[in-house]
1. Looking at this structure, is Tyr113 open to solvent by 10 Å² or more (accessible area, probe 1.4 Å), more than 17 Å from Cys325 (Cβ to Cβ) and aromatic (Phe, Trp, Tyr)?
2. Does Ile138 satisfy being modelled with pLDDT of 95 or more, surrounded by 13 or more Cβ atoms within 10 Å (Cβ to Cβ), among the β-branched types (Val, Ile, Thr) and part of a strand (DSSP E or B)?
3. Scan the stretch 187-229 for residues that are under 25 Å from Arg135 (Cβ atoms) and of a type outside the set (Gly, Ala, Ser) and report the count.
4. Could you say whether any residue in the stretch 283-299 is over 16 Å from the mean Cα position of the chain (by Cα) and over 21 Å from Val166 (Cα atoms)?
5. For the stretch 42-54, name all the residues that are under 26 Å from the mean Cα position of the chain (by Cα) and either without any contact (Cβ under 8 Å) to a residue 24 or more places away in the chain or open to solvent by less than 60 Å² (accessible area, probe 1.4 Å) (or both).
6. Just to be sure, is Gln155 touching a residue at least 24 places away in the same chain (Cβ under 8 Å), within 20 Å of Val274 (Cα to Cα) and of a type in the set (S, T, N, Q)?
7. On the basis of being among the polar types (S, T, N, Q), touching a strand residue (DSSP E or B) at 6+ places or on another chain (Cβ under 7 Å) and not in a strand (DSSP E or B), does Thr153 make the cut?
8. Please tell me if Gln217 is touching a residue at least 12 places away in the same chain (Cβ under 8 Å), touching a helix residue (DSSP H, G or I) at 6+ places or on another chain (Cβ under 7 Å) and among the polar types (S, T, N, Q).
Amino acid sequence: MIKVGIVGGTGYTGVELLRIFATHPQVTVQSVTSRKEDGLPVAEMYPSLRGRVDVAFSSPDKAKLTDCDVVFFATPHGVAMAQAPELVAAGVKVIDLAADFRMQDVASFEKWYKLPHSCADLLKQAVYGLPELNREAIRTARVIGNPGCYPTTMQLGFAPLLKAGVIDASQLIADCKSGVSGAGRKAELPLLFSEASDNFKAYGVSGHRHSPETVEQLSRLTGDKIGLIFTPHLVPMIRGMHSTLYARLNRDIDNAALQALFEDAYKDEPFVDVMPFGSHPETRTTRASNMLRLAVHRPDNGNTVVVLVVQDNLVKGASGQAVQCMNLMFGLDETTGLQQVPVLP
């Protein structure tokens, strides 16, 4: 059994990890940390886990994280990099769901996250945890930087086109929407029901920290310079993410060949569903699952290709993807514990 520790178990990504591990046949959860909730049974805070999770929260100083095989950080940015060196030195694998190990460019990280990076040496060893594009490196990694939710949709949507060299890499557009759980479990005015419900708004239009992460990774797929306009939006739903991606074709290619690029790229991927050309994937078809669905369009058969991508921002966009990486790191089938069918309606 894989002995798991979770740092920051009270937030949405933390409880999503616990939900997945409750039915994972190869995992035992040893420690779930929370300084404020020290001693409180996890199932008292999250009754959905009654009868499934029997551990209590423990303060970080009491948790024996070095006894774990892997530790997940479901914490604010900056926490993982402070604790990861000690854990890695003790032979513990680390998977960070925040941004501490996502970007190799330290200056860019410090600019966007307003934090000094305290372990640049360990960052150099970190592997970006997007299995569909980085599977072999993940298998041997000691530290994983779990991708952001928006970047997951953008990368998997643009990747087949960039690899094939059929689009202008300098003119990529991503128009993305997320449910309010993407902001985390916290009491902030814009996230209150009466503020977010029956409302729709863009944010981060002048610049969003998921942009440099996405550009850094897309640059690995092409020799051309990446130009990305990314606009995120908040929509009045709890879970779900929908990204509409636009790119300019730079060569003649018919619709069947466009579709084939995606089908060939993801034909063996258990968590990427390439729908028939011209389909309209819905967020509810991925709710509570690790599945990402996409569909390719070409309006008026012109020179613009549109890719629609949907996922659950808490699962494939966060905790499910982290577990997918863990499975690879420990030599398991990567679908282990992640076969939940989407919840509908």
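1. Criteria met by Tyr113.
2. Criteria not met by Ile138.
3. So the count comes out to 14.
4. Within the stretch 283-299 (the criterion being over 16 Å from the mean Cα position of the chain (by Cα) and over 21 Å from Val166 (Cα atoms)), the answer is yes, since at least one residue qualifies.
5. Answer for the stretch 42-54, where residues must be under 26 Å from the mean Cα position of the chain (by Cα) and either without any contact (Cβ under 8 Å) to a residue 24 or more places away in the chain or open to solvent by less than 60 Å² (accessible area, probe 1.4 Å) (or both): Val42, Ala43, Met45, Tyr46, Pro47, Leu49, Val53.
6. The answer is yes for Gln155.
7. Criteria met by Thr153.
8. yes
The values are calculated or read from the model by the stated rules, or taken from the named source; none is laboratory data. If you're wondering where the values come from, they're calculated on a predicted model, not measured in any experiment. Methodologically, a virtual Cβ is constructed for each residue, glycine included, from the backbone with ideal geometry; neighbour enumeration extends over all protein chains shown. Protein only, heavy atoms only, side chains kept; ligands, DNA and RNA dropped before computing areas. Shrake-Rupley method; radii C 1.70, N 1.55, O 1.52, S 1.80 Å.
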